[in-house]
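Every number in this text was worked out from the coordinates using simple rules, so none of it is lab data. Keep in mind that what you see is a predicted model, and the values were worked out from it rather than measured. Cβ placement follows ideal geometry from the backbone for every residue including glycine, while neighbour counts extend to all protein chains displayed.
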Amino acid sequence: MYIIVIGGGRIGEYLVSMLIEEGHDIAVIEKDTERATHMAENYDILVIKGDGGEAKFLEDAGIHKADVLVACSGNDQINFVACQLAKSTYNVSKVIARTTNPSNKALYEKLGVDVVVSTTEASAKAIYAGIKGFSAVLTFSSDVELIYATVSKDSPLNSAKVSEIHMPWGSILAAILRDGTIIIPTEEEMIKEGDEIVVINKKGVETKVRELIAGK
């Protein structure tokens, strides 16, 4: 795929490094001279020094042939305008936006942006997950969550068969991840120390799920 990334900061650079490993063609638009120079010197990609919210620089980056545009600069205004142009003017099939303000998500969604990521919200949820004793807590809707946790040696789930586990009402053991393999839970499957389990539950049940996993 041909992917344009707006912003060559820490998030943009990390994303670019992953996309290059997968063999995608990348163009980066970065307003800051130092960051643009860094990206050009360290990656074999097209780097445009300019404002990603301006049509000229989008066209220089090849917006007409772009399969995906990712607006992940630290400037919400640049990201918003870039997404607006990508959707309404250049008809890019997939547009992804980063915003630092969770309240802006609705504005991006009205534009038709396909994926909106609030870095503030994501950070807060990661901290919340740590407080609750989980590796991650993702909210799918107003009342549905995905909980991801690692089974410790002292966990009540360690060495327990799935058939022996009584999940709290409103929760489902959805998957077990073991040594990079996804296992769909069957009644005879035994959970082991180090397994990463995925639970889908109604919001408000996470405390009982934590108690089941951690034993406290």
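Tell me which residues come under 5 Å, amide H to amide H, from Val47 once H is placed; ignore anything under 5 positions away on its chain.
Close amide H contacts, sequence-distant or interchain: Val28.
For the range 133-214, divide the Cα radius of gyration by the Kirkwood radius and give the resulting Rg/Rh value with two decimals.
0.93
Hey, can you grab everything whose amide H is under 5 Å from the amide H of Ser159? Only 5+ residues off in sequence or another chain; H modelled, so Pro and N-termini drop out.
Ile191, Lys192, Glu193
In nm, what is the difference between 0.36 nm times the number of residues separating Ile165 and Ser17 and their Cα-Cα distance?
Numbers: separation 148, 0.36 × 148 = 53.28 nm, distance 4.13 nm.
Once the chain is fully extended between Ile165 and Ser17, it gains 49.1 nm.
Farthest toward the dipole's positive end in the range 2-118, which of Ala61, Ile78, Ile48, given Cβ charges of +1 (Lys, Arg) and -1 (Asp, Glu) about the Cα centre?
Going by the Cα projections, it comes out as Ile78.
Mind ranking 178-187, 3-12, 149-158 by how tightly packed they are, going by the mean number of other C-beta atoms within 10 angstrom, highest first? Could the numbers behind the result be given before it?
Values: 178-187: 10.7, 3-12: 23.2, 149-158: 16.8.
Top of the packing list down: 3-12, 149-158, 178-187.
Mind checking the angle between helix 33-42 and the chain's longest principal axis? C-alpha axes, 0 to 90 degrees, to the nearest 10.
Compared with the principal axis, the helix lies near 70 degrees.
Out of His38, Tyr108, Tyr14, whose Cα points farthest toward the positive end of the dipole of the range 2-118 (charges: +1 Lys, Arg; -1 Asp, Glu; placed on Cβ)?
About the Cα centre, the residue reaching furthest to the positive side is Tyr108.
Counting alpha carbon pairs within less than 8 Å and at least 6 residues apart, what relative contact order, in whole percent, applies to the range 1-100?
It rounds to 29 percent for the range 1-100.
Cα gyration tensor of the chain, axes a ≥ b ≥ c as square roots of the eigenvalues: rounded (a/c below 1.5), prolate (a/b > b/c) or oblate? Let's see the in-between values first.
Details: a/c = 2.75, a/b = 2.21, b/c = 1.24.
Judged from the Cα gyration tensor, the chain comes out prolate (a/c at least 1.5, a/b above b/c).
With just the Cα atoms defining each centre, how far is the range 47-118 from the range 160-216? Give it in Å.
38
Let me make sure I get this right: for the range 34-126, a, b and c are the square roots of the gyration tensor eigenvalues over alpha carbons, sorted descending. Under 1.5 in a/c it's rounded, otherwise prolate if a/b > b/c, else oblate. Which is it?
oblate
Counting Lys and Arg as +1 and Asp and Glu as -1, what is the net charge of the other residues whose Cβ lies under 10 Å from the Cβ of Met190?
Neighbour charge sum, excluding Met190 itself: -2.
Using the Cα centre as the reference, give the magnitude of the dipole from point charges on the C-beta atoms of the chain (Lys, Arg: +1; Asp, Glu: -1; all else neutral), rounded to the nearest 20 debye.
Values: 22 positive and 31 negative charges, 147 e Å.
Dipole about the Cα centre, nearest 20: 700 debye.
Which order do the peptides 161-169, 205-213 take when ranked by the mean count of other beta-carbon atoms within 10 Å per residue, highest first?
Working: 161-169: 13.0, 205-213: 18.0.
Packing proxy ranking, top to bottom: 205-213, 161-169.
Ranking Leu146, Leu15 by Cβ neighbours within 10 Å, fewest first, what do you get?
Leu146, Leu15
So what's the back-of-envelope 222 nm ellipticity for the chain, counting only DSSP H runs of four-plus at -39500 (n - 2.57) apiece and dividing by all residues, rounded to 500?
So the helix-based figure for the chain works out to -9500 deg cm²/dmol.
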